[in-house]
Amino acid sequence: MDSHDRRKFLKQGAAVTAGMLAAGAGSAMAQEPGEPRPASADGLSLQPPRETSPPGDTSGELPEEFQAFSRTQPSYGGPVGEETYLGKLVPGLRDAGAAPVPFEAPDLDKIPWKMVNGRKEYHIYCEHVRRELLPNHWMDFFGYNGSMPGPTIEAHQGDKVRFVVHNRLPEPTTIHWHGLELPNEMDGVPFVTQDPIMPGKTFIYEFDLHQAGTFFYHAHFPMQEAFGMAGFFIIHPAVAWDPPVDRDFGLMFQNFRIEWAQTVPDSMAMDFNWHTINGRSGPYTTPLVCKLGERVRIRILNFSPQQHHPIHFHGHTFWITGHEGARIPADAWIPRNNELIGVAQASDLEFIAFNPGDWVLHCHMVHHMMNHMVRQVGPRIRKDIDVGAYKASIENRPRVDFVHDDQGFAVPGYPQKMQGMEMSHEAMQKLNSRREVRGMRKMWHMGVHGLMTVVRVLPDDLYDQVMNSDEKMEPGYVFNELVARRKNQRQEQQE
Amino acid sequence: MRQQGEIRRTELVLRRKLAQQYRQYLTALQHVQNYRDIILPESRQAYEVLLDSYEDDRVQWPTVLEAERAYKLLQIAHLQNLIAWRESEVLIVGYLLHGGLAPPMAPTPPSHIDAVSQPR
């Protein structure tokens, strides 16, 4: 795309966005008294209507440039407390009052249901599953319906549900419906509220859903929980929460201890070396792809055995709009860029995806940002010899002279960046053949490990090229294109 | 009569020594076979698996070195077993001839009352 085309795109994008914004504003803001808010001259911004600062705001008269909120570029939308502040109540591009957008948990399926005698009936199979945490790293777990974590149960407020649980494990189990206000005998606690479901047996849970929010289901035998037996249980509200979102993603964070050359986790361990989001470790986690300007919700569940996760998102400030089990009233929403989520807790993050690019979202515990936890000694930090030389000469190990010409070793602690992490061609193919990573920078996977994933915010045309087109796309195309457009935009503004 | 008794005693001593040596031979042979067929291959395999795991970023290098050290120590033990086995074999084939000629036993056993110069 040359500079003329880019200008054209930017103008078209602005016009389209303004149109969508007007539609969104006309619907969502219609719930507010008074006129819909006018868009700014560039068609991108929402101007707050208040002439005075909201109570508690002592910032005084905020410069105009910080009062505008744009859904297509980073902006403030102040003053603090204003509805546009950090995009707090800026709606998505969907109409308010529309049915909730379907929930999407990358790399996980949903459990199908059918209506039987007035209830949505789901069949859940508790069984041994194998899961590919990283390319060619298959591990053994207990899970549900062939998946670890289990596939998502998606239901709506007011649904009457029935879960037919088939135990295909060689040991007893139960399922607990975490956070649901249901009859005691349906709570799934072995011995306390029911007899365990014995191997080969079936148990039926039936209850009605009057709540709405982020829930989950899991076995109620602790070591089975540590062995992967959990899944999302999303209950959409009868009417979509306001402001409406365009994307509703879910990420389940888990930790496991799997010793070297083993495939079976140690469910008794209290020190962990495998970290997964929806059953995959970064960079095998599939990116969340959304369009520039959309309002996005990401529900993050920490189902780790004992470690918390401070979840950090780059390039945006999100609002905490819900926790496990309930939506939070808007007055109590908190803006953050790092949300601490404890064990068996969930947080719903919402933001306007106004900053185009590939943004990582990750747990900020450093041990959770790497895979396998391997120390940096041995051939990986040597230049003259690699592991292959040892394997080729088992009886007579290669000579190692320990002479480094790398001046870095004069600095205590060097190296801290992981050295010698090489990935096979086959693994690279698996990582980069996924549609969701098209056009990302060539070595992007070297910066995404453990509990890390990527949120891709793409303008409409690039979104279509990535998600809907099969045209060949060179690595780095999207990144370079966005950088070029930004540069072009700056030049235009200067002119 | 005494000479015949001495011959008989020597036969019994040789028979006992042969039995002991043969036991040592069998033990050494079993060690050699176990090390050759099971212990060394498995130790080598453990080392190889660890090298693979290291290459796969799943194990620390010191753990690999420990496995290599264990493999080398077992190889040394295997050499000692081989030596013991060959020594036993040579002794048995060579009529238990070992070291120099042994002086003949004194006609009076060490515990006999006549074995000391001063009667008690």
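Only one entry of B:I113, B:I39, B:I83 meets the criterion of being more than 14 Å from chain A (Cβ to nearest Cβ) and within 25 Å of A:Q262 (Cβ to Cβ), and that entry is B:I39.
Taken together, the residues in the range B:42-61 that are at negative phi, at the interface with another protein chain (Cβ under 7 Å from one of its Cβ atoms) and not small (G, A, S) amount to 11.
Taken over the range A:138-153, residues that are open to solvent by 10 Å² or more (accessible area, probe 1.4 Å) and assigned to a strand (DSSP E or B) amount to 4. Among the residues of the range A:353-370, is there at least one that is within 14 Å of chain B (Cβ to nearest Cβ) and surrounded by 15 or more Cβ atoms within 10 Å (Cβ to Cβ)? Yes - at least one qualifying residue is present in the range A:353-370. Please determine whether any residue of the range B:5-24 is free of Cβ contacts under 8 Å to residues at least 40 places away in the same chain, exposed (fewer than 12 other Cβ atoms within 10 Å of the Cβ) and outside any helix (DSSP H, G or I). No, the range B:5-24 contains no residue that is free of Cβ contacts under 8 Å to residues at least 40 places away in the same chain, exposed (fewer than 12 other Cβ atoms within 10 Å of the Cβ) and outside any helix (DSSP H, G or I). Of the conditions (1) within 14 Å of chain B (Cβ to nearest Cβ); (2) open to solvent by less than 40 Å² (accessible area, probe 1.4 Å), A:V377 fails just one. Which one is it? The single condition A:V377 does not satisfy is (2).
In the range B:93-103 there is no residue matching the filter, namely being within 14 Å of chain A (Cβ to nearest Cβ) and touching a Lys or Arg at 6+ places or on another chain (Cβ under 7 Å). Considering the range A:409-431, and only residues there that are more than 14 Å from B:Y54 (Cβ to Cβ), out of contact with any Gly (no Cβ under 8 Å at 6 or more places or on another chain) and open to solvent by less than 50 Å² (accessible area, probe 1.4 Å), the residue that is farthest from the other protein chains (Cβ to nearest Cβ) turns out to be A:G413. Filtering the range A:333-362 to residues that are in a strand (DSSP E or B), touching a helix residue (DSSP H, G or I) at 6+ places or on another chain (Cβ under 7 Å) and not β-branched (V, I, T) leaves A:P335, A:F351, A:G357, A:D358. When A:H156 is tested against the conditions (1) open to solvent by less than 30 Å² (accessible area, probe 1.4 Å); (2) within 22 Å of the chain's Cα centre (by Cα); (3) not hydroxyl-bearing (S, T, Y), the lone failure is (1). Among the helices (runs of 4 or more DSSP H) confined to the range A:402-495, the ones with at least 1 residues that are touching a strand residue (DSSP E or B) at 6+ places or on another chain (Cβ under 9 Å) and at pLDDT 95 or above are located at A:460-467, A:477-494.
Scanning the range B:62-80 for residues that are more than 13 Å from chain A (Cβ to nearest Cβ) and either within 11 Å of B:V32 (Cβ to Cβ) or not in a helix (DSSP H, G or I) (or both) yields B:A77, B:L79, B:Q80. Can you list residue pairs whose Cβ atoms sit under 9 Å apart, with the first residue in the range A:381-410 being within 19 Å of B:V64 (Cβ to Cβ) and the second being polar (S, T, N, Q) and surrounded by 10 or more Cβ atoms within 10 Å (Cβ to Cβ)? Count only pairs 6 or more apart in sequence or on different chains. Pairs found: A:I381/A:Q419; A:E395/B:Q75.
Within the range A:397-408, can you find the residues that are away from chain B (no Cβ under 11 Å) and either under 33 Å from the mean Cα position of the chain (by Cα) or open to solvent by 70 Å² or more (accessible area, probe 1.4 Å) (or both)? Listed by number, the residues that qualify are A:R399, A:D401, A:F402, A:V403, A:H404, A:D405, A:Q407.
Residues in the range B:77-120 that are open to solvent by 90 Å² or more (accessible area, probe 1.4 Å), modelled with pLDDT of 95 or more and among the aliphatic types (A, V, I, L, M): B:L79, B:I83.
If you check A:G450, A:G388 for being within 14 Å of chain B (Cβ to nearest Cβ) and touching a His at 6+ places or on another chain (Cβ under 6 Å), only one passes: A:G450.
The values are calculated or read from the model by the stated rules, or taken from the named source; none is laboratory data. Being a predicted model, the structure only gives us computed values, none of them experimental. Heads up, the Cβs are rebuilt from the backbone with ideal geometry, glycines too, and the neighbour counts pull from every protein chain shown. Heavy atoms of the whole protein, side chains included, go into the accessibility calculation; ligands, DNA and RNA do not. Shrake-Rupley method; radii C 1.70, N 1.55, O 1.52, S 1.80 Å.
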